[in-house]
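Encoded as structure tokens, the structure appears first; notes follow it.
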Amino acid sequence: MKDSERAKKLAAETAAQMIPDHSMVGLGTGSTLEYAIKELGRRIRDEDLKISAVTTSFQGQLLANENSIVTLNSMNVPNLNIAIDGADEVDPNGNLIKGLGAALTKEKIVAAMPQRYIIVIDETKKVTQLGEKTPVQVEVVPDALALVECFLKKLGVKPRVRPDQSKAGPVVTDLGNLIVDVEFGIVNNAESLEQQINNIPGVVSNGLFLGIVDEVIVGSVEDGQARVERRTFKKKTFKI
Ligand code: 5RP
């Protein structure tokens, strides 16, 4: 296994081992979360845990069910004990860019539900400032695409509708929306940008996740040795 995969696996399994019995858990989306879901499934079987979960994508739901995890529809769930997700960028204050897996809206809903929201990454996701490596993803209702593009251009950027890799046409999210990737470069005033994007009619949500994280677990491999670093943050938004 490559070092980057070992790092992701260790971070994800560390988080999955922190889930207490009788919890309602949020499970995010992506290759890092796959390791967490598999480890949680293993614990449920080996330790006979009573756990139920809300997932943030079809990918997560199928994998959770294959791994003995009972899933609930988030429509009926207002809050959770704990949630785990991956991220595309994490800054030193625990702010995130998420959404390269096109699951950002469901991920933001689930991020707002738990008492503890934990992010698991390998160290390539650490940045000094948001926007260093990743565009900001915007989930858009199809009917509003041209309007949203027009407003985004007024912010001085070039929006790009994300093409699907395996069919002709754009990526369609699990909620039936489109993803617009926007290269802002370094994001200097993230709170204000998040608000500006969200205020455009037809925008469902965007990939800036600010002040919402309780803990980041970073996996890395040094001299062949995998290790984790854990950093806690004071949640500023969506406190339950
Ligand atoms: C999906 C996400 C993922 O959490 C993010 O893209 C990280 O994925 P990976 O663990 O595969 O690098 O935000 O919308």
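The values are calculated or read from the model by the stated rules, or taken from the named source; none is laboratory data. The shown structure was predicted, so the numbers you read here are calculated from the model rather than taken from an experiment. Neighbour counts run over all protein chains shown; Cβ positions are idealised from the backbone, glycine included. Please note that ligands, DNA and RNA were not included when accessible areas were found on the heavy atoms of the full protein model with its side chains. Shrake-Rupley method; radii C 1.70, N 1.55, O 1.52, S 1.80 Å.
Quick look at the values:
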{"quantity": "Three-way shape label, the stretch 85-223, alpha-carbon gyration tensor, a/c 1.5", "calculated": "prolate"}
{"quantity": "Candidate aspartates and glutamates for bridging to LYS154, where Cα separation is under 16 Å - those fewer than 8 sequence places away on the same chain excluded", "calculated": "ASP181, GLU183, GLU194"}
{"quantity": "Accessible area in square angstrom per residue, the stretch 163-207, 1.4 angstrom probe", "calculated": "51"}
{"quantity": "Residues of type lysines that LYS2 reaches as a straight line, Cα spacing below 25 Å, ignoring anything fewer than 8 places off in the same chain", "calculated": "LYS38, LYS98, LYS125, LYS126, LYS133"}
{"quantity": "Cα-Cα P(r), the chain, percent of pairs per 5 Å interval", "calculated": "1, 7, 14, 18, 19, 17, 13, 7, 3, 1, 0"}
{"quantity": "Dimensions (Å) - the stretch 53-162, Cα atoms, principal axes, largest first", "calculated": "46, 36, 24"}
{"quantity": "GluC sites (Glu not before Pro) lying in DSSP loop within the stretch 160-240, provided at most 12 other Cβ fall within 10 Å", "calculated": "GLU183"}
{"quantity": "Whole-percent carbon and sulfur share, accessible surface of the chain, 1.4 Å", "calculated": "50"}
{"quantity": "Computed label-point distance, nm, for sites GLU222 and LEU62 using a 7 Å Cα→Cβ extension", "calculated": "3.9"}
{"quantity": "Projected label distance in nm at ILE109 and VAL70, using a 7 Å step from Cα toward the beta-carbon", "calculated": "2.1"}
{"quantity": "The stretch 48-91-the stretch 98-161 distance, computed between alpha-carbon centres (Å)", "calculated": "19"}
{"quantity": "Segment GLU229-SER4, extension gain: residue separation times 0.36 nm, minus the distance between their alpha carbons", "calculated": "79.5 nm"}
{"quantity": "Most positive-pole-ward Cα, VAL25, ALA12, VAL138, against dipole of the chain from beta carbon charges", "calculated": "VAL138"}
